[in-house]
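Novice: Okay, here's the structure, questions in a sec.
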Amino acid sequence: MHVAVGDINNDNKVDIVVANTGANNIGVFMEIGDRTLNSMKPYTTGNQSLPIYVVLANFNHDPYLDVAFANTGADTVGIFFGYDNGNFRNVSTYSIKSGSQAYRLAIGDFNNDNFVDTIVAIYASHMVAF
């Protein structure tokens with residue numbers, strides 16, 4: 001399980017996102033005040049996807065954080081795009097080489113185009129994909 005923290009719903013409180021590998025979902029916990037979290041809201045990542053790593057960033061330049069995740073079982077990287085009040089749209093997935101096992105993600109503006117880029121660490125070949 002991997003955890004990312006950020007203000008997903010723009011309420012100036014820290015929210016938590018977890019990669020639930022065994023459950024094939026991303027879990028979102030919203031802070032509701034006094035450092036109390038609501039119940040986990042799951043977002044499915046697909047059958048046997050095995051999400052292993054999550055990061056938060058604004059990939060589409062709207063007012064909301066998005067969740068990117070590495071699916072080690074499905075050889076994909078997915079993004080849930082955030083919208084109003086901490087909800088997410090259906091997942092967009094991007095394939096990587098079959099059998100490569102996406103393992104970790106790093107984000108940044110690596111090519112200076114003012115858009116968030118993602119680097120994927122690939123477990124099987126000890127390589128990275130950009």
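Novice: Would you pick out the residues in segment 33-68 that are free of Cβ contacts under 8 Å to residues at least 24 places away in the same chain, touching a Phe, Trp or Tyr at 6+ places or on another chain (Cβ under 9 Å) and not in a strand (DSSP E or B)?
Specialist: ASN38, SER39, MET40, ASN60, ASP62
Novice: Output yes when any residue across segment 57-66 is more than 15 Å from ASN9 (Cα to Cα), modelled with pLDDT of 90 or more and in contact with a strand residue (DSSP E or B) (Cβ under 7 Å, 6 or more places away or on another chain), and no when none is.
Specialist: Yes, the conditions are met somewhere in segment 57-66.
Novice: Scanning segment 12-21 for residues that are without any contact (Cβ under 8 Å) to a residue 24 or more places away in the chain and at negative phi, which turns out surrounded by the fewest Cβ atoms within 10 Å (Cβ to Cβ)? Outline the logic, then answer.
Specialist: Start the filter on segment 12-21 by keeping residues that are without any contact (Cβ under 8 Å) to a residue 24 or more places away in the chain, which leaves 12-14, 16.
Checking the rest, the ones that are also at negative phi come to 13-14, 16.
Details: LYS13: 16, VAL14: 14, ILE16: 17.
Residue satisfying both the conditions and the ranking: VAL14.
Novice: Enumerate the pairs (first residue in segment 106-121 and among the polar types (S, T, N, Q); second residue anywhere and surrounded by 13 or more Cβ atoms within 10 Å (Cβ to Cβ)) with beta-carbon separation below 7 Å, excluding pairs fewer than 6 apart on the same chain, so at least 6 apart or on different chains.
Specialist: Close Cβ pairs satisfying both conditions: ASN111/ASP117; THR118/ALA68; THR118/VAL77; THR118/LEU105; THR118/ILE107.
Novice: A further question on this structure: Have a look at VAL3, VAL28 and point out the one that is of a type in the set (A, V, I, L, M, F, W, C) and over 14 Å from ASN85 (Cβ atoms).
Specialist: Numbers: VAL28 fails: over 14 Å from ASN85 (Cβ atoms).
Residue meeting the stated conditions: VAL3.
Novice: Ok, one more. Starting from segment 88-102, take each residue that is aliphatic (A, V, I, L, M) and list its partners that are crowded, with 17+ Cβ neighbours inside 10 Å and part of a loop (DSSP other than H, G, I, E, B), counting only C-beta distances under 7 angstrom and pairs at least six apart or across chains.
Specialist: Note: pairs meeting the criteria are VAL91/THR45; ILE96/ASP75; ALA102/THR72; ALA102/ASP75; ALA102/ILE96.
Novice: Go through segment 96-114 and count every residue that is at pLDDT 90 or above and loosely packed, with under 13 Cβ neighbours inside 10 Å.
Specialist: Going through segment 96-114, the residues at pLDDT 90 or above turn out to be 104-114.
If we keep only those that are loosely packed, with under 13 Cβ neighbours inside 10 Å too, we end up with 108-109, 111-114.
Summing the residues that are at pLDDT 90 or above and loosely packed, with under 13 Cβ neighbours inside 10 Å in segment 96-114 gives 6.
Novice: Out of (1) within 15 Å of the chain's Cα centre (by Cα); (2) within 20 Å of LEU105 (Cβ to Cβ), what's the single condition that is false for GLY22?
Specialist: All conditions pass for GLY22, except number (1).
The values are calculated or read from the model by the stated rules, or taken from the named source; none is laboratory data. Just so you know, these numbers come straight off a predicted model, no measurement behind them. Every residue, glycine among them, receives a Cβ derived from its backbone with ideal geometry; neighbour counts consider all protein chains shown.
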